[in-house]
Amino acid sequence: MSAAKKTTGSVLSDAEKAAMKATVAERRAAAKGAKAEDDVKAVLDAIAKMSDHDRALCTRLHEIITTAAPELAPRTWYGMPAYAKDGKVLLAVKNSGKFGQRYTSLEFQDVAQLDSGSMWPVSWAVTTLTKTGEKDVAALVRKAVG
């Protein structure tokens, strides 16, 4: 049974339960005054646990994001690599294996400055990164930071 599948009679899938447990651990760490280097280590540890493809992709995304916007604070969010601005998550990277999806996604939250008219995208699917794709991600992150 994949981690994303629901178990018989269960309200949450195993993957959803794991994400909730990760959130509780993240909040406990924050309440205890986790340091920035602890948060970075948590992101790198989350990436290290991914499948080979996801790990390679998310490692590169981490490098692009932290280079494009060094003011963002890496941390985990529901067990996913995330990047916060002023204490609020601006962007999370949901790897394909997290909930059994066919692609990794960049998921921007409401603090991201991506507003354009009355409707705009806040999530992008990423299957591979070309040089052009890397530049697009960097530009998108910089725009989201404002």
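When the residues of the stretch 48-58 are filtered to those that are in a helix (DSSP H, G or I) and closer than 12 Å to residue 104 by Cα, which remaining residue is nearest to the chain's Cα centre (by Cα)?
Among those that are in a helix (DSSP H, G or I) and closer than 12 Å to residue 104 by Cα, it is 58.
Residue 19 passes all but one of (1) at pLDDT 95 or above; (2) assigned to a helix (DSSP H, G or I); (3) more than 21 Å from residue 127 (Cβ to Cβ); (4) among the small types (Gly, Ala, Ser); which number fails?
Failed condition: (1).
Give the residue that is nearest to the chain's Cα centre (by Cα), with candidates limited to residues of the stretch 107-138 that are among the charged types (D, E, K, R) and surrounded by fewer than 15 Cβ atoms within 10 Å (Cβ to Cβ).
110
Looking at 68, 84, 56, can you tell me which residue is in contact with a helix residue (DSSP H, G or I) (Cβ under 8 Å, 6 or more places away or on another chain) and either over 20 Å from residue 17 (Cα atoms) or hydrophobic (A, V, I, L, M, F, W, C) (or both)?
Result: 68 is the single residue among 68, 84, 56 that is in contact with a helix residue (DSSP H, G or I) (Cβ under 8 Å, 6 or more places away or on another chain) and either over 20 Å from residue 17 (Cα atoms) or hydrophobic (A, V, I, L, M, F, W, C) (or both).
In the set 113, 109, which member is in contact with a helix residue (DSSP H, G or I) (Cβ under 8 Å, 6 or more places away or on another chain) and either at negative phi or touching a residue at least 60 places away in the same chain (Cβ under 8 Å) (or both)?
113
Please list, ordered by residue number, the strands (runs of 3 or more DSSP E) wholly in the stretch 81-146 having 1 or more residues that are modelled with pLDDT of 95 or more and over 23 Å from residue 42 (Cα atoms).
Fully inside the stretch 81-146 and qualifying: 123-126.
The values are calculated or read from the model by the stated rules, or taken from the named source; none is laboratory data. This one's a predicted model, so the numbers in the text were calculated from it and none came from an experiment. Quick reminder, even Gly has a Cβ in these numbers, built from the backbone with ideal geometry, and neighbours come from all protein chains shown.
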